[in-house]
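Structure record follows, encoded as structure tokens.
Where a number appears in this text, it was derived from the coordinates with a stated rule and is not lab data. Being a predicted model, the structure only gives us computed values, none of them experimental. When we count neighbours, we look across all protein chains shown, and the Cβ atoms used for this are built from the backbone with ideal geometry, even at glycine.
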Amino acid sequence: MKKHLIIIGFMGTGKSTIGKMISQSLRLEYLDTDEIIQRDRNCSIPEIFEKYGELTFRNLETGVMEQTVQNTHPSIITTGGGIVLRSENRVAMSKYGWVFALHAHPKEIIRRLQEDTSRPLLQGGSLEERVLHLYEERKRLYQFADYHIDTDNQTEQQVANQIKDIWFNLIKSGDAK
Ligand code: S3P
């Protein structure tokens, strides 16, 4: 059942960058839930939040997750940081993929997202407070992942290599094809 390589993690941990790098070198299709939502709705994530609210976004996100895990060939799937909020998403990811959680210290996340304007949940008020609040609320929700990668003191290439090494071992042992 498990066949995809799925990357989860808090905003700013590098999920899409790493996912794209891995998909290029492993030559596996790359799917990003946020990209699919935006393409399907022809609307940016901030616009979806603004016009329809977070609940609508979460429903779209769950729908896209359900579809992407049904992809017949193994794919690299990257997700929005809040995909872990719903237990049904966590169950689907664990069932259909090897789940890699990218971690970063909240201070590092704040540093990386300093100039960001594309994430509705971080707009308005203090970025520090928003990140720390969400981080505390969510950190336990990333724990179900099969593998945990600390990105703080690693380059993107090193993180990608670490994930690829684990993936190759899974293939060798016959767990992933
Ligand atoms: C969200 C993270 C975003 C995007 C949306 C909501 C979240 O994705 O899905 O803004 O709830 O953490 P990234 O993790 O790629 O920033």
_Residue-averaged 222 nm ellipticity for the chain, from DSSP H runs of 4+ at -39500 (n - 2.57), nearest 500_ = -15500 deg cm²/dmol
_Need one number: nm distance between label points at GLU54 and SER94, each 7 Å from Cα along Cα→Cβ, rounded to one decimal._
2.4 nm
*So what is the orientation-averaged projected area of region 23-177, using the convex hull of its C-alpha atoms, in nm²?*
9.6 nm²
*asked:* Need one number: % antiparallel among DSSP beta bridges in the chain, to the nearest 5.
replied: 0 percent
_Among 120-130, 53-63, 27-37, the order from most to least packed when residues are scored by Cβ within 10 Å on average_ = 27-37, 53-63, 120-130
*Just how far, in whole angstrom, is region 144-177 from region 1-61 if you go by their alpha carbon centroids?*
19 Å
*asked:* For a Förster distance of 30 Å, can you work out the FRET efficiency between the beta-carbons of ARG86 and LYS172, rounded to the nearest 0.05?
replied: 0.35
_Could you list ILE22, ILE7 so that the one with the fewest beta carbons within 10 Å of its beta carbon is first and the one with the most is last?_
ILE22, ILE7
*Can you give the angle from 0 to 90° between the axis of helix 156-172 and the longest principal axis of the chain, with both taken from C-alpha atoms, to the nearest 10?*
40 degrees
*For every other residue with a beta carbon closer than 14 angstrom to the beta carbon of VAL69, add +1 if it is Lys or Arg and -1 if Asp or Glu, then tell me the sum.*
0
